[in-house]
Number of protein chains: 2
Amino acid sequence: MIRFILPKKHFAHTLPKLRAATLRSSRYSQSSKPNRGFLEIQGINPGVVMSFSFAAATIIASASYYFFMDKPDPALIEYNKKLVQIDMGERRLTELDMNFPSFDEESTEPIKGRMEKFVLALQKSLVKNLEILDNTKPFFWDRWEREDSKGYGISCILQDSKIFEKAGVNVSIMQGPLSKQQLESMKSRKQSNTIKDNVDYDFWVAGISTVIHPVNPMAPTVHFNYRYFELTERDDPEQKVVTSWFGGGADLTPSYLFEEDCAHFHQTLKDSCDKHDQSFYPKFKKNCDEYFFIPHRNETRGIGGIFFDDLNDRPKKDLFHFIFDMGFSFHTAYLPLIAKRMNMSYTKENKEWQQIRRGRYVEFNLVNDRGTKFGLHTKGGRTESILMSLPLTARWEYKHSIPLNSSEQKLLDVLKTSREWA
Amino acid sequence: MIRFILPKKHFAHTLPKLRAATLRSSRYSQSSKPNRGFLEIQGINPGVVMSFSFAAATIIASASYYFFMDKPDPALIEYNKKLVQIDMGERRLTELDMNFPSFDEESTEPIKGRMEKFVLALQKSLVKNLEILDNTKPFFWDRWEREDSKGYGISCILQDSKIFEKAGVNVSIMQGPLSKQQLESMKSRKQSNTIKDNVDYDFWVAGISTVIHPVNPMAPTVHFNYRYFELTERDDPEQKVVTSWFGGGADLTPSYLFEEDCAHFHQTLKDSCDKHDQSFYPKFKKNCDEYFFIPHRNETRGIGGIFFDDLNDRPKKDLFHFIFDMGFSFHTAYLPLIAKRMNMSYTKENKEWQQIRRGRYVEFNLVNDRGTKFGLHTKGGRTESILMSLPLTARWEYKHSIPLNSSEQKLLDVLKTSREWA
């Protein structure tokens, strides 16, 4: 197993490419400004009403983060505090908080608990960085519980802000009886050999799911989610895990094509994958192109990324390490793109094209996405969280047409033919 | 069989109710202005490019209309020329063309041909009246053919005009082999006793489908469609019709509730139904409430109307008469509502609420509507026509909230509990 510490090795590896590919614009520079430690509990803007749900969500997230999180690598903190500083259009210096925790190789804690802390920590750091980029209003933290108390979630939402039309970072931890329908679906996939007939199973799942729709049509929409799933036999007094797996992925959906952005996004994902298994990226990239395809439009939703499910072909701890790295490297994959594009000028026509593309996003999510369909058809599913992925606004024109050889056509061409980006 | 001539009996019957319920506003008055005959070929606005598709569509529609349509009742023309004259906000007098053809009781022509002419004639008269109401730009006529030449359609679209955000009136006439999937679906319904195993069937279908999304949030969205379906055995040299049926319905989706509008819409549908069978309206109204339900929102799409399928329980000609009357009475059911509401003043908040409701419309159509799902999952389906029903714009806010006892809440209450309107 390759030891993979996010900062020193990861950034040392990706930064040159990153700089070569996208950071030449001088928007990014190193600095040694005083560092905000990653363990500090995130400050709440004065004047924001601390609703109960906000308070509960913050306490849970912070407590898990503070007391239980895998310990940070001091070298990582030192390195990252100098890493990303963005010279914005209006010359405001913005330092993102890239002080991620490192993976604890020595921990003997069950993956279940570590996964829960991981999704909470990733949510917290991502929300913080998106707030730094937006710099106008805080996320709304919405903690909710299932009516049967068999699970909870924290939905963090920022909508109609300066930079984000809608950004949602959603975490949920659920358990309960596996329905007949879910069981059949699992048996038809690769878990078939481990799942017996006439046995009742319970599931446990922890996941993080994020969709970000920026205001600026030049800035791409992004989505990622990572989840861990465990099955136990209901009547087993020891509650031994029968089978478990990881699933997830990350993909980019631009309205206008900047090839260097696509290359950077894919290269960052590939670098993180390669640290764990060089076969991952090519396989997961292909999955992604196949999954995010809209048959009735004969185009992909965006320019892809990675996508995988039922991952359980090696020790759990190694797979969790992979997920952990993929989660935190999302910052590096996406935040530079939004920082670079969020203040670009654009026309009314650019905005209209973005709205048309948003329409396609809605079509994919409501017609084709298995997760959304499953969620909406599940009794007791939380519709607000499931549909958090939909954009704030969308548009459908009958036979919308675009000029030949336009930037819009350039995007469509890429959505019709899969391309290698890394 | 009750003889049902649309104007004299129908209007004489509904007008008093209509006036009492909705026309008190003095927007409607009788007049004896010169009448534009319904046989006149619709004038094309000067300056509009006569594209090939426009020309082809117009020729087909007009030719069918002029040469083959059931002949009009002179009394109907006389009556209708005085019927609807709308005193608009800006005091412009607008006379709608309510000179519909009457149903020809004596015709011996097969229903297939009469149905095709009926949908073309209804499309033409509806498009004409919507253009009169809008008075800014003409519909775009888009004639298309299936690649295998086994059918054609005419889509009439008006989008981003003064009165209509998007209005689509779509006609299609198709034939072809019945797929295994369609066959199974039919056998599971009431056609089961007539459909044999190991026999290949061909279908023929003619239908009209309309969705109108007005700009003004006080004006309701409306949808209707009527279709006639025939099955023949592929190897039967006589091509005898094995089974046939009618389906369709009409339903109203307001963003703001005007009870008198809902009552008028339902009453008009009920009156037309009652002329044919008094059991129709209660049964079809219930179907409609059940069908246009969004489970994941626990609300109906709108305030309902009528909905039916597989109607073949009496002589074909009688059922066609029913469909014919339902189609033309749509004018009476809906046009007064749009005329009354299209110039009302509204706020930014009203418009935003309309956008949220548009979002729900998209959700129903993409997640729940059987027709849309079937169309999108059918190879060779024409996506542009299938998704014509989507609004031009829509909006999704996370946990959008509305004030207690507001007009918005009044609408939601009605969408949670079915109500009797007529």
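Just so you know, all these numbers are worked out from the coordinates, no wet-lab data involved. It should be emphasised that the depicted structure is a prediction, and the values quoted were computed from it without experimental measurement. Here the Cβ is made from the backbone with ideal geometry for all residues, glycine too, and neighbour counts use every protein chain on show.
Values computed for the structure shown
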| quantity | calculated |
| --- | --- |
| Those GluC sites (Glu not before Pro) in the stretch A:163-254 that DSSP places in a loop and that have at most 14 other beta carbons within 10 Å | A:GLU238 |
| Rounded to the nearest 20 debye, dipole of the stretch A:295-422 from Cβ charges on Lys, Arg, Asp, Glu | 280 |
| Positive-end residue of A:MET218, A:ASN287, A:TYR346, charge dipole of the stretch A:202-354 with Cβ unit charges | A:TYR346 |
| Amide proton proximity set for A:LEU178, modelled H, under 5 Å, gap of 5+ | A:TYR201, A:ASP202, A:PHE203 |
| Low-density loop cleavage sites - trypsin sites (Lys or Arg not before Pro) in the stretch B:379-422, where at most 14 other Cβ are within 10 Å (DSSP) | B:LYS379, B:LYS399, B:ARG419 |
| Shape box of the stretch A:249-348 [Cα atoms, principal axes, largest first, Å] | 52, 33, 16 |
| Axis-nearest residue in chain B [Cβ, rotation onto A], distance in whole Å | B:LEU366, 2 |
| For A:VAL199, A:VAL211, order by how many other beta-carbon atoms lie within 10 Å, fewest first | A:VAL199, A:VAL211 |
| Protection proxy ranking of B:249-256, B:400-407, A:141-148, B:126-133 - average other beta-carbon atoms within 10 Å, highest first | B:249-256, B:126-133, A:141-148, B:400-407 |
| Exam field: B:SER406 pseudo-label spacings to other copies (7 Å along Cα-Cβ), nanometres | 3.6 |
| Over the stretch A:178-232, equivalent-ellipsoid semi-axes from the Cα gyration tensor in Å | 36, 11, 9 |
| Calculated P(r) tail over 14 Å for the stretch A:325-383, as whole % of Cα pairs | 73 |
| Distance violations [Cα-Cα > 22 Å] among B:LYS150/B:LYS317; A:LYS150/A:LYS317; B:LYS128/B:LYS166; A:LYS196/A:LYS240; B:LYS283/B:LYS410; B:LYS112/B:LYS137 | B:LYS150/B:LYS317; A:LYS150/A:LYS317; B:LYS283/B:LYS410; B:LYS112/B:LYS137 |
| Label spacing, shortest first and in nm, from B:SER279 to its equivalents in the remaining copies (7 angstrom along Cα→Cβ) | 6.5 |
| The stretch B:249-295 shape via C-alpha gyration tensor axes, a/c threshold 1.5 | oblate |
| Size-normalised alpha-carbon gyration radius of the stretch B:99-255, reference 2.2 N^0.38 Å | 1.22 |
| Kirkwood Rh, angstrom, the stretch B:204-294 [1 / mean 1/r, Cα pairs] | 15.6 |
| Average other protein chain Cβ within 10 Å of Cβ, residues B:360-371 | 3 |
| Reciprocal mean inverse distance between Cα atoms of the stretch A:382-422 - Kirkwood radius, Å | 13.5 |
| Other-copy label distances relative to A:GLU238, 7 angstrom Cα-Cβ extension, nm | 7.5 |
| Residue order, fewest to most surrounding Cβ atoms within 10 angstrom, among B:MET342, B:MET326 | B:MET342, B:MET326 |
